[in-house]
Amino acid sequence: MVNEELSHIFSDVADILEIKNENPFRIRAYRRAAQIMEDLPDDAGVMLADGRLKQVPGIGKDLYTRIEEYIHTGRMAVHDELLQEFPQGVLDILAIPGVGPKTAKLLFETYGIDSVEKLGASAESGALQGIKGFKEKTIANILKGIALKKSIQGRFPLGTALPIGEMIIQELGKVRGVRSLELAGSIRRRKETVGDIDILVVSDEPGPLMDAFVRLKDIERVLSHGPTRSSAILKNTHLQVDVRVVEKDSLGAALAYFTGSKTHNIKLREIAVKKGYKLNEYGVFDMNGRKIAGATEEDVYDILGLQFVPPEIREDQGEIEMALERNLPRLIGLADIRGDVHMHTVASDGNSTVGQMALSAQALGYAYIAITDHSQSLGVAHGLTPQRLELEIREIEAFNRTGARIKVLSGMEVDILADGSLDMDSGMLGRLDIVIGSIHSGFRQSKEQITGRMIRAMETGLVDCIGHPSGRLIGERDAYDADWDAVFSAAQKYRVAMEINSYPLRLDLTDTMIKKARSKGLKFMITTDSHDPKQMRYMNYGVSVARRGWLEKDDVVNTQEFKHFTGWLKGDR
DNA sequence: GCCGTTTTCGGCCCGACTGTTTTCAGTCG
């Protein structure tokens, strides 16, 4: 994906400029560009072609030209030239925790160390002894950093990090003197992957709290241990956890600061400066240094003249401008979901019966669910033949006669076959309350094939919703290469909803694709795709993604009460 | 390198921890 390539290149350029001790604001411009490329709502090449790239804030004349150059030639001269001066190995060294630009430069220019391997060998052989600023601890830290880097590859899925963060919060909550604990950082923004876990604590006894944290049994290594801030690496996952103690009357400012995103924060600070204030993690201060806000996040946003911005959309994607106009969307919440309408039973690859799934959903407060087992071509999942689907429909009808409060809809997650046809005869599908069409095979088809395939499925008029539309699995499989403009336009034409699949490794559609789909007027269904009653709890992940995609209650069909939801399914769209 | 109802030049966000420093630089978030 060209956006990721550009992000890496800009990040490399920023790194080398930093090693060269260049103008820090020029470096920041490149860093920001790297972030912007990652968050772009569409392919940079497409946005270049249709003129939208020119409008992107933070991409000025120079950066625009460089992006253009890369898209047309596959290279960027400034990047190539800088790599001539400082080879890739130096950038790898810079990526080691504890090694910054100054150290990398010194090691390379004075000692010719241009790879992590050489650095490791020099550290072990004692060759680094005697270099100014290098004593035993520094050298030991470099070796630890190299080992750590090897063990940590990339980011962690939200579904991994969030439960761990909540578990640590629970543990630390038992420590004497603790008044409140909050997750901050990208985990609070509910980004689909997170780099680390940030926790803020208000405590009457910070010292013991910090001691308790670094002694947690799940901690493998303590990186730092101070009176107000400590960092450690967890066993097994090698996730980094940062804990900070803040004063009660600074909690709001600290939450805002440590929740980020970085670009959102910088904008907030700029607004503060324009008003003659100073904003830091302790509060908002007037020109006399008097604190005028900080206890709650609401106060901080309010005194800056902004509407409160929900954490999930603090990505500097226009939310600050809208908050200034008090025009933010009212984001959907978990409590708005009335029914979970994509789940499996023992009939295909689930592990519970219709009744068990239904009663579990009822306990969660839902008014309705839909049973949507797989179709027959998905042999590995024991997909249903028409005869077995017939039996399942009867089983659902029988459950609905038991007098249970919850209503069960009959449905199917029918495979969209390689040619775009559906894996079940249309007569059967027509009898069902809800049909989700999904792709489970032929992921590597060409862009034209995949796009045409999805559109043909929608043209049948039998599909209510496209399941896990992009097909991506976080960290395992990229989204299909489809023409999403064409797919979403077809979905709009045929009034087909897009699923937001809450399964933690899917989270599909993604936040940026949701924004794009919504801009075409599409509706959504947030579902869990549960194969077990426990998995119904994943709904909060899907809702988080929807919030990151700026969705409101009315954008999501399964927020409607039963009568209206079934009305929508019957064609009242 | 970006950006602009005060500016096309001169601004651009802020603090904690570590290690080695006897007063601070480097790194990180």
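Brief remarks follow.
- Here region A:548-573 is the region considered, the condition is being among the acidic types (Asp, Glu) and closer than 22 Å to A:GLY365 by Cα, and the residue that is surrounded by the most Cβ atoms within 10 Å (Cβ to Cβ) is A:ASP555.
- Residue in region A:268-275 that is more than 12 Å from DNA strand B (Cβ to nearest atom), under 29 Å from A:THR193 (Cα atoms), at pLDDT below 90 and not assigned by TED's automatic domain parsing to the domain that holds A:ILE199 present: no
- Counted residues, region A:147-160 - those being β-branched (Val, Ile, Thr) and modelled with pLDDT under 85: 1
- For region A:222-248, residues that are more than 12 Å from DNA strand B (Cβ to nearest atom) and touching a residue at least 40 places away in the same chain (Cβ under 8 Å) total 4.
- Single match in A:ARG405, A:ARG388 (criterion: surrounded by fewer than 23 Cβ atoms within 10 Å (Cβ to Cβ), under 17 Å from A:ALA358 (Cβ atoms) and basic (Lys, Arg)): A:ARG405
- The single residue among A:PRO57, A:PRO41 that is over 30 Å from A:SER224 (Cα atoms), more than 10 Å from DNA strand B (Cβ to nearest atom), not in a helix (DSSP H, G or I) and not assigned by TED's automatic domain parsing to the domain that holds A:ASP511 turns out to be A:PRO41.
- A:VAL202 being more than 13 Å from DNA strand B (Cβ to nearest atom) and either buried (at least 19 other Cβ atoms within 10 Å of the Cβ) or under 16 Å from A:LYS174 (Cβ atoms) (or both): yes
- The condition of being more than 30 Å from the chain's Cα centre (by Cα) and more than 21 Å from A:ARG244 (Cβ to Cβ) holds for only one of A:GLY120, A:GLY177, A:GLY145, that being A:GLY120.
- Selection over region A:60-69 of residues that are more than 8 Å from DNA strand B (Cβ to nearest atom) and under 27 Å from the mean Cα position of the chain (by Cα) gives a count of 1.
- Yes/no for A:VAL284 being within 11 Å of DNA strand B (Cβ to nearest atom), surrounded by fewer than 16 Cβ atoms within 10 Å (Cβ to Cβ), among the β-branched types (Val, Ile, Thr) and over 19 Å from A:SER203 (Cα atoms): no
- Taking the numbered list (1) part of a helix (DSSP H, G or I); (2) more than 14 Å from DNA strand B (Cβ to nearest atom) in turn, A:ALA123 passes all entries but (2).
- Inspection of region A:86-97 identifies at least one residue that is under 19 Å from A:LEU223 (Cβ atoms), in a helix (DSSP H, G or I) and either touching a residue at least 60 places away in the same chain (Cβ under 8 Å) or aliphatic (A, V, I, L, M) (or both).
- Flag if A:ILE474 is buried (at least 19 other Cβ atoms within 10 Å of the Cβ), touching a residue at least 12 places away in the same chain (Cβ under 8 Å), within 22 Å of the chain's Cα centre (by Cα) and under 17 Å from A:LEU569 (Cα atoms): no
- Some residue of region A:167-180 being without any contact (Cβ under 8 Å) to a residue 24 or more places away in the chain and within 14 Å of DNA strand B (Cβ to nearest atom): no
- The lone exception for A:THR73 - which of (1) without any contact (Cβ under 8 Å) to a residue 24 or more places away in the chain; (2) within 8 Å of DNA strand B (Cβ to nearest atom); (3) among the β-branched types (Val, Ile, Thr) it fails: (2)
- Selected residue (only one of A:GLY130, A:GLY74 is within 30 Å of A:ASP50 (Cα to Cα) and loosely packed, with under 12 Cβ neighbours inside 10 Å): A:GLY74
- Any hit, region A:121-142, residues being under 25 Å from A:GLU85 (Cα atoms) and touching a residue at least 40 places away in the same chain (Cβ under 8 Å): yes
- Checked against (1) at pLDDT 90 or above; (2) surrounded by 14 or more Cβ atoms within 10 Å (Cβ to Cβ); (3) under 30 Å from A:GLY318 (Cβ atoms); (4) within 8 Å of DNA strand B (Cβ to nearest atom), A:ARG32 meets all criteria but (1).
- For A:ARG548, the conditions (1) of a type outside the set (Ser, Thr, Tyr); (2) out of contact with any strand residue (DSSP E or B) (no Cβ under 8 Å at 6 or more places or on another chain); (3) over 24 Å from A:TYR480 (Cβ atoms) are fulfilled apart from (3).
The values are calculated or read from the model by the stated rules, or taken from the named source; none is laboratory data. The structure presented is a predicted model; accordingly, all values stated were derived computationally and were not measured. Don't worry about glycine lacking a Cβ; one is built from the backbone with ideal geometry, like all the others, and counts go over all protein chains shown.
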